[in-house]
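Q: Here it is: the structure, laid out below.
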Amino acid sequence: MARDDAARDRVFAFRYRVLVEASGLQSDYADHEAKTVREPLDHGALQIYVADMQSGETAAALRLNAGALDSKIGDIGKMAGFGPFKEFSANALTMTSMLVIAPKYQTSSAASLAISAAYKMARKCGSLFDFTQCAPEMLPLYQKLGYRKFRDNFMDDTLGYQVPLVLVTQDYGHLTFVRSPLGAIARKMTNSSETASWFNRTFPDYANVPIESTLNDEDFWYLLARKLNQSPLAGIALLDGLTYSEAIEFMRAGSVLDCPAGGRIMKKGQIGREMYVILSGAVKVLAGADDAVVARLEKGELFGELAYLSESPRTADIIADEDVELLVLTQKMMEKALAEMPAIAARILFNLSLILCGRLKNSTAVLVSAAQGQKSDACAGEEMPESPEIAEAG
């Protein structure tokens, strides 16, 4: 734990290096002169960091706000979706946030170590519920630790699409069920089943959602097939040419995410590290200065692949046109596939290129059609609107 100003400044500088310099995040709280990221929630919070014993460099860091130590944590009850937790005192609530992992330690145990340390401190503070939020690519990690959803996902202007999560800190049964490393810590503490029973009664739709990491290959495949209403090999173009065993080997690292109708899943201009396969429902794609609907994507189709491949800003907004269920595929999945199963990765990338080519063909057809329509208008004596892009294409 950062116990003095120098150690806290180390955490704030680490955030700047990873979030701003390495990831290009635009934060209102970034001090570009001091090269630190310090937020209002940092005041009164405990700062936890993990350091490499050999090099001494910081590998991961996170922030813990505890109601027993910070009176502002009581304001959590005012936030959307937190209403049911108002029956508990602020001292029973904690919030872990600002989990930052250095790129070279992404596949290490650094994140789990930081969260485990935060869990120990939260329990010492009397926490019954620990809240957090994460990007979809981090959802499998948090699920394996024992966190569960309790309200709808939301779009954060800075962080992008976020999944709200809560850890019922004394739910030893759930921790052992998901084989969480926090279970070993909880086993040495006193645990009551009351809060677990309360959560199950209050949030039945979230308490009983299948956790992908607890399913065997056959059950995971059945889960995807049931949502698609057909075999994933037949319904997902990304898997064309793969056998069942190859497809399941690649897809196992994915996680299923639900989003209600009207929810914004992607925001134009934000950096993306995930792509999504639609398992059920449909989304609409908004682009251009007037945010016009340029496409509607349905079951089996995917989106977010350009930013996924290049880690570049999103080029369009994606809105759930109806309730949708998505399979989240991350860059880490592809990196792992390239290292451990190159033949499968090559096929996936080939399929991605075919999908991109198909979309480019459709976009070109629309562009040509628009250009021809403008020519016809001009020949008919109507004023032709300015369109430098079309002029250059012509």
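The values are calculated or read from the model by the stated rules, or taken from the named source; none is laboratory data. The shown structure was predicted, so the numbers you read here are calculated from the model rather than taken from an experiment. Because the Cβ atoms are built from the backbone with ideal geometry, glycine has one as well, and the counts that use them run over all protein chains shown. Only protein heavy atoms, including side chains, enter the accessible area calculation; ligands, DNA and RNA are left aside. Shrake-Rupley method; radii C 1.70, N 1.55, O 1.52, S 1.80 Å.
Q: Hey, could you pull the Cα Rg and Dmax for region 1-76, both in Å?
A: In Å, with Rg to one decimal and Dmax whole: 13.1, 41.
Q: Let me ask another. Could you compute how fast region 75-137 diffuses translationally, taking Rh as the Kirkwood radius over C-alpha pairs and applying Stokes-Einstein at 25 °C with viscosity 0.890 mPa s? Give it in µm² per second. Please report the intermediate quantities before stating the final value.
A: Working: Rh = 13.3 Å.
Once the numbers are plugged in, D ends up at 185 µm²/s.
Q: Next question. So if we plug the beta-carbon distance of T243 and E311 into 1/(1 + (r/R0)^6) with R0 = 25 Å, what FRET efficiency do we get, rounded to 0.05?
A: Working: r = 30 Å, r/R0 = 1.19.
So, using R0 = 25 Å, E works out to roughly 0.25.
Q: Give the value in nm², to one decimal: projected area of the alpha carbon convex hull of region 211-271, averaged over all directions.
A: Projected area, direction-averaged: 5.7 nm².
Q: Another question, then. Relative contact order for the chain: what is it in percent, counting Cα pairs under 8 Å that are at least 6 residues apart? Show your work: numbers first, answer last.
A: On the way: 647 pairs, mean separation 40.9, N = 394.
Reported as a whole number, the value is 10 percent.
Q: For the chain, what is the mean residue ellipticity at 222 nm derived from helices alone (per DSSP H run of n ≥ 4: -39500 (n - 2.57); sum divided by total residues; nearest 500 deg cm²/dmol)? Don't skip to the end; give the middle numbers.
A: On the way: 14 runs with 141 residues, N = 394.
Using -39500 (n - 2.57) per qualifying helix, the result is -10500 deg cm²/dmol.
Q: Looking at the square roots a ≥ b ≥ c of the eigenvalues of the Cα gyration tensor of region 153-306, which shape do they give, rounded for a/c under 1.5, prolate if a/b is larger than b/c, or oblate? Mind dumping the intermediate values first?
A: Values: a/c = 2.33, a/b = 1.45, b/c = 1.61.
Verdict is oblate for region 153-306.
Q: Sticking with this one: Rank these by accessible area, largest first, 1.4 Å probe: T202, T58.
A: Working: T202 55, T58 15 Å².
Listed by decreasing accessible area, they come as T202, T58.
Q: If you line up the Cα atoms of the chain on their principal axes, what length do they span on each, largest first, in Å?
A: 79, 53, 46
Q: Counting only residues 5 or more places away or on other chains, whose amide H sits under 5 Å from the amide H of T36 once H atoms are built in the peptide plane?
A: Here the answer is D31, since their amide H atoms fall under 5 Å of that of T36.
Q: Too long at a 30 Å Cα-Cα cut-off: which of K124/K332; K188/K336; K149/K268; K35/K104; K120/K227; K86/K124? Present the calculation step by step, with values, prior to reporting the outcome.
A: Numbers: K124/K332 34 Å; K188/K336 35 Å; K149/K268 25 Å; K35/K104 20 Å; K120/K227 38 Å; K86/K124 21 Å.
Violating the 30 Å Cα-Cα cut-off are K124/K332; K188/K336; K120/K227.
Q: Roughly what angle does helix 110-124 make with the longest principal axis of the chain, taking Cα atoms, 0 to 90 degrees, to the nearest 10?
A: Tilt of helix 110-124: around 40 degrees.
Q: Order C134, C125, C357 by their accessible area, 1.4 angstrom probe, all chains in place, largest first. Walk me through the numbers before you get to the answer.
A: On the way: C134 5, C125 30, C357 85 Å².
My answer, sorted largest first, is C357, C125, C134.
Q: Could you sort D28, D5 by their accessible area in this structure, using a 1.4 Å probe and putting the largest first?
A: On the way: D28 135, D5 105 Å².
Accessible-area ranking of D28, D5, largest first: D28, D5.
Q: Could you order peptides 274-282, 10-18 by the average number of other Cβ atoms within 10 Å of their residues, highest first? Walk me through the intermediate numbers first.
A: Details: 274-282: 22.7, 10-18: 20.4.
Descending packing order for the listed peptides: 274-282, 10-18.
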